[in-house]
Structure formats: C-alpha cells, structure tokens
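Notes to accompany the following structure.
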Amino acid sequence: MKIPNCVGIILDGNRTWAKNKGLPKLEGHRVGLQTLKATTLFVRDAGVKHLVVYMFSTENWGREPLEVSYLLDLFRSSIKNEISELGKEGVRIRFVGQRERFSKDLQEAMESTEKDTENNSGITLWACMSYGGRAEITQAVKSLINSGEEITEENISKNLWTSGMPDPDIIIRTSGQMRLSGFLAWQSIYSELFFIKTLWPDFSKEEFEKILTEYNDREIKLGK
C-alpha cells in the first residue's frame, strides 16, 4: 500500500459533537484533544512521517471570549500533558502560526516542547495555532522584501511558518464541511482532499484506514 508522507487534518466538529451528546459545547474541545493524541499515534504506526493539524485559526480569535479563554487554557494544559506525552512516544512537535498573539507563558511552553522533542524521529506533528494560509503567505513575502531576497516560489516556501514540512499528500476535513478555510493555502495545491461527515471526536483508526484505501485507488498525476 502506498503510504502518504504528509497528512493534514482540519479538526472540525467538536462543538457539534458535544451538543449531540447533551454536553457543554466546550467539552467537545477537551475530547477532541484526546482524539488528536490517539490519531497521532495510529497515523505514525501506519508509516506517515508528518501530520499537520488545524487546531486554531486566525479567525478563531473572533469567537466568544469565554470559548477563546477556555481554548487557551486547554492548549496550556495539553502542552504540559497530552502533547508532552506524545513527545515520550517519539513524536517531534512543531507549532505553526502567529506565536506572538499568545501569552508569554504559552510561547515559552511551545518553545520548550519543540526543543525537548527536536531529536524525535517517529513522526512530526505540526500544530497550526493562530494559523491562516493568507497570513502565512503575507508574512513570507514581507520577510523576503525586508531581506532583499528575490521573490520566487522557492524563497517563499523557505520563509513560510511551515518551512521544512512536505506538502500534504492528503488533507482530511471532518464534520461534513467541504472547504479548506485557509488551511495550507500554499502547500495544498496537489493534495488529495477527503471531506468526511464524522465529527472530529469520533475520528478513528478504522476511518483513517478507509481513507488510505481510497487514496491508493485514486489516480494521482500531479498535473502531468
């Protein structure tokens, strides 16, 4: 079976999942992080080397203040717990996005986690937080202009937040929404897209294996 080198996932449906269960909507985010931990490990075990996940977009800052505050607290605790535990499982962790918008302690936790896991080789988890594809491209172009470098595709790629990450072979979006919402706008031009109805907290190894099977059945030409 052909195994993708890089898989992207838009983690969607946490609030709907909680509503369907009769739970507070914020509870869906907590369960969603548990799903992320499990998913990272079974994606690694399938042989995938890079997993990039859309956790918090630039637009998500506009949600209700209570939800944003809850999410930031959840990120803070998850970096210390779930994500830290992934490091012990051989996962290399990178954070991608506008770090400057987060509190100083969160920024320090991200930097510390990256440093602690930089030599891990099981799989690299790219966590997109305060991320937007247009914002990423804009800052890359600004960096090139400030440095005086020529604006080429190669130089833009080198200055993206995701520099060093392969373009995703597959992008999955859960919850039935059929759009990318700014996820990896530069990197996704030849990604195979999978829009599934499963809500993120219910995403499973079995569902991922079905996607891999379909991926292998698709004819991929990359424009040739």
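No lab work stands behind these numbers, since they all come straight from the coordinates. If you're wondering where the values come from, they're calculated on a predicted model, not measured in any experiment. With ideal geometry, Cβ positions are generated from the backbone for all residues, glycine too; neighbour counts draw on all protein chains shown.
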Cα-Cα pairs of the range 35-110 separated by more than 18 Å (percent): 45
Between Ala38 and Gln177, what is the spin-label point distance in nm, taking each point 7 Å from the Cα along the Cα→C-beta axis? 2.3
Would you kindly derive the ³J(HN,Hα) couplings of the range 152-162 from the backbone phi angles with the Karplus curve 6.51 cos²θ - 1.76 cosθ + 1.60 (θ = phi - 60°), listing them in order in whole Hz, with x for Gly and Pro? 10, 4, 4, 6, 4, 4, 5, 9, 6, 4, 8
How far apart, in nm, are the 7 Å Cα→Cβ label points at Ile3 and Leu72? 4.0
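Calculate, for Asp217 and Ser188, the FRET efficiency according to 1/(1 + (r/R0)^6) with r their C-beta to C-beta distance and R0 25 Å; round to the nearest 0.05. List each step's numbers first, then the result.
Values: r = 20 Å, r/R0 = 0.82.
Result of the calculation: an efficiency of 0.75.
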Across 10 Å bins from 0, what is the distribution of all Cα-Cα pair distances for the range 98-193, in whole percents? 13, 38, 38, 11, 0
Cα-projected label distance for Lys115 with Lys142, points at 7 Å along beta-carbon direction, nm: 2.6
Treating only the Cβ of Lys, Arg, Asp and Glu as charged (+1, +1, -1, -1), what charge dipole size does the range 1-138 show about its Cα centre? Round to the nearest 20 debye. 320
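Over the range 1-52, what relative contact order in percent results from Cα pairs under 8 Å that are six or more residues apart?
On the way: 44 pairs, mean separation 26.7, N = 52.
RCO, the range 1-52: 51 percent.
When Lys and Arg each count +1 and Asp and Glu each count -1, what net charge do the other residues less than 12 Å away from Met1, Cβ to Cβ, add up to? Can you show the working numbers first?
Details: positive: Lys2; negative: Glu209, Glu214, Asp217.
Once all neighbours under 12 Å are counted, the net charge is -2.
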Give the relative contact order (percent, whole number) for the range 61-215; include only Cα pairs under 8 Å separated by 6+ residues. 17
The farthest towards the positive end of the charge dipole of the chain, of the residues Thr198, Phe95, Ser147, given +1 on Cβ of Lys and Arg and -1 on Cβ of Asp and Glu, is Thr198
Please report Rg (one decimal) and Dmax (integer) in Å for the Cα set of the range 1-65. 14.2, 46
Rounded to whole Å and sorted largest first, what semi-axes of the equivalent ellipsoid does the C-alpha gyration tensor of the range 182-222 yield via the square root of 5 times each eigenvalue? 21, 16, 7
Full-extension gain between Thr152 and Arg99, please, as 0.36 nm times their residue separation minus the C-alpha to C-alpha distance. 16.5 nm
